[in-house]
Structures are given as structure tokens and as C-alpha cells.
Amino acid sequence: MNIPLYQVNAFANRLFRGNPAAVCPLQYWLPDTVLQGIAAQNNLAETAYYIPKTDSYELRWFTPTVEVDLCGHATLASAYVIWMIRRESSISRLNFESASGPLAVDREDDRYILDFPSRPATECECASSAVGPGRTSGAGVCRTQLSCVFEDEEQVRNLRPDMAKLATSDRYAVIPTAPVRGCDFFSRFFAPAQGIPEDRVTGSAHCTLIPYWEKRMSKRNFFAKQISPRGGELWREDRRERVRIAGNAIKFFEGHIELSDI
């Protein structure tokens, strides 16, 4: 069995930036053990699999260790593959069926716009020792993700979390964020228990970050950055029950996987 494999850098418009995702188009669902094994072999933050339906696509995402219910950059990468590489659709909106309900991606010139559910956090205290030293001014929990709001950008830049300690936390991920000069805010994303010590650019995290900063800044349109070593840029809009997260994409390589004895 040969499976097409594409690697796309999402939230970037040049190579070696943004967040790389693997994308594998399928005709039918393979056993979960195979999907997880491919993702582990790829060893990227996410591997996306999609199956075409009549007027939509079924979409799933796997880290090297677990399946997740929502992923932004691999959804953007999947849309890029459908539109720009495989030329499977000529319409300007793609609809996806996922574990998080219906998702959509719109295309405007060279920018791809995710239409995702808003996931506002419940306010709580954040022990900054969860990710490193620094003063926090607030935090919120959305499902099992913890957002820690720091007072300035240098605190977030200088964080050196204890990954072994974070891996034993009951939180799916920890998201430090802070206001920043030159854009509205920036963030980082740590999820070592899910096989992602630090994610490069995390679209789904902004389903929580956007509602927080909208409330704090009293604005609905944002330009933000994620400051991993590769870095990435995102344009976002708060639409109450939904958020729109936009970015670019660029292909790194394409090939195929040969599977036998499955």
C-alpha cells in the first residue's frame, strides 16, 4: 500500500519557519495503530489524515504519541495540500468534519483562514512555577489546557520549563502568553505529555487566547506571534462563538509511504 505524504510549513511563507505538519490523504480509515505508528515515525508535532466525502472531508490529527481533538496548523496544511498540491477543489471554502465538530478553511489570495470554535477559559490563578520563574497577572483553564498570562514579553522568552515535571502534570498543555511590542500579543506552547515538548506554532491554542485578549484589549482583530525557535505569525479575529485564524503555508517536500503486512 502506498500512501501520499506531504510536509507543509504552516503559518509561514518561507522555508524553515512556521510549524511543519505531515498530511496523508486516505481513501478509507486505516487501523488507529497504523495511523499512530505513521505519526510516531514522522515525529512531527502533528500528522493529519483526511478522507474526501461528498461535500466535505473527514479530518483527524495525531501527535507522535496520541490522537488530538483539534489542531490548527495541520488543518491549514491539509487545506494547502487539497488546494495547491493535489488540486482536489476549486471552491474558496473547504469544510471538514472533525472530533471538534465542523471546521472550515477559507482562502484569500495566499492566506488560509481557519474557522474554529471559540474556547474561552475559566479564570483561575496560575502558579508560574508550572513553566518557570516570572510574575503572572492571571490565567485561565480551557478543558485541560492552562494559559499563564505573564506581565512582559521577556519573561515568556526566557522561560526554560522542566519538561519532565510538565509531563507529569494533569494539564494537556501549558500556554504562556504576554503583551508584546510590535504586535498584539505572543505565546509559547508546551505539551510534553502529548509528545510535543514545545510546539512551533499552535493554531488551536488561539481558540482560547483570542477570547482572553479580546476581553482585555477590547478589540476583535489581532496580529500575534508564537516565539518558538522557528517562530510563526497569525492574524486572528474574534467572532464570539467562533474564531478566525489566518496564516500562510509553504510545501517542504512530498513523497509516499510504503506499507506492508498491516
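Throughout, read-outs are computed from the coordinates displayed, never taken from laboratory work. Fair warning: this is a prediction, and the values are worked out from it, not measured in the lab. Don't worry about glycine lacking a Cβ; one is built from the backbone with ideal geometry, like all the others, and counts go over all protein chains shown.
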**Asked** Based on the Kirkwood radius over alpha-carbon pairs, what is the Stokes-Einstein translational diffusion coefficient of region 169-213 at 20 °C with 1.002 mPa s viscosity, in µm²/s?
**Response** 190 µm²/s
**Asked** Projected onto the charge dipole of the chain (+1 at Lys/Arg Cβ, -1 at Asp/Glu Cβ, origin at the Cα centre), which of Met217, Trp29, Leu234 gives the Cα projection farthest towards the positive end?
**Response** Met217
**Asked** What 222 nm value per residue comes from the helices of the chain, counting each DSSP H run with n ≥ 4 as -39,500 (n - 2.57) and dividing by all residues, nearest 500 deg cm²/dmol?
**Response** -4500 deg cm²/dmol
**Message:** Starting from the 7 Å offset along Cα-to-Cβ, what nm value, one decimal, do you get for the label separation of Arg220 and Ile85?
**Reply:** 3.5 nm
**Asked** How large is ³J(HN,Hα), in whole Hz, for each residue of region 57-71 in order, when computed from phi with the Karplus curve 6.51 cos²θ - 1.76 cosθ + 1.60 and θ = phi - 60°, using x for Gly and Pro?
**Response** 9, 7, 9, 9, 9, 10, 7, x, 10, 8, 7, 10, 8, 7, 8
**Pair Arg93, Arg239: separation of 7 Å Cα→Cβ label points (nm)** = 0.7 nm
**Message:** Placing +1 on the Cβ of each Lys and Arg and -1 on the Cβ of each Asp and Glu in region 59-128, which of Ile85, Leu70, Thr122 has its Cα farthest towards the positive end of the resulting dipole?
**Reply:** Ile85
**Message:** Using the Karplus curve 6.51 cos²θ - 1.76 cosθ + 1.60 with θ = phi - 60°, what ³J(HN,Hα) values do you get for each residue of region 203-214, in whole Hz, with x for Gly and Pro?
**Reply:** x, 5, 4, 7, 5, 9, 5, 4, x, 5, 6, 4
**Message:** Quick check: the angle from helix 32-42's long axis to the longest principal axis of the chain, C-alpha only, nearest 10 degrees?
**Reply:** 70 degrees
**Request:** Be a star and scan region 184-208 for residues whose amide nitrogen sits under 19 Å from the point 7 Å along the Cα-to-Cβ vector of Glu154.
**Result:** 185-188
**Request:** Using every Cα-Cα pair within the chain, state what percent have a distance larger than 34 Å.
**Result:** 14 percent
**Prompt:** Which loop-located chymotrypsin sites (Phe, Trp or Tyr not before Pro) does region 27-97 contain, where loop means any DSSP state but H, G, I, E or B and the Cβ has at most 14 other Cβ atoms within 10 Å?
**Reply:** Tyr28, Trp29
**Prompt:** What is the magnitude of the charge dipole of the chain about its Cα centre, with +1 placed on the Cβ of each Lys and Arg, -1 on the Cβ of each Asp and Glu, and no other charges, expressed in debye to the nearest 20?
**Reply:** 640 debye
**Message:** Limiting things to C-alpha atoms, what are the Rg and the maximum Cα-Cα separation (Dmax) for region 1-61, in angstroms?
**Reply:** 12.4, 35
**Asked** Looking at region 170-262, what % of the alpha carbon pairs are farther apart than 23 Å?
**Response** 35 percent
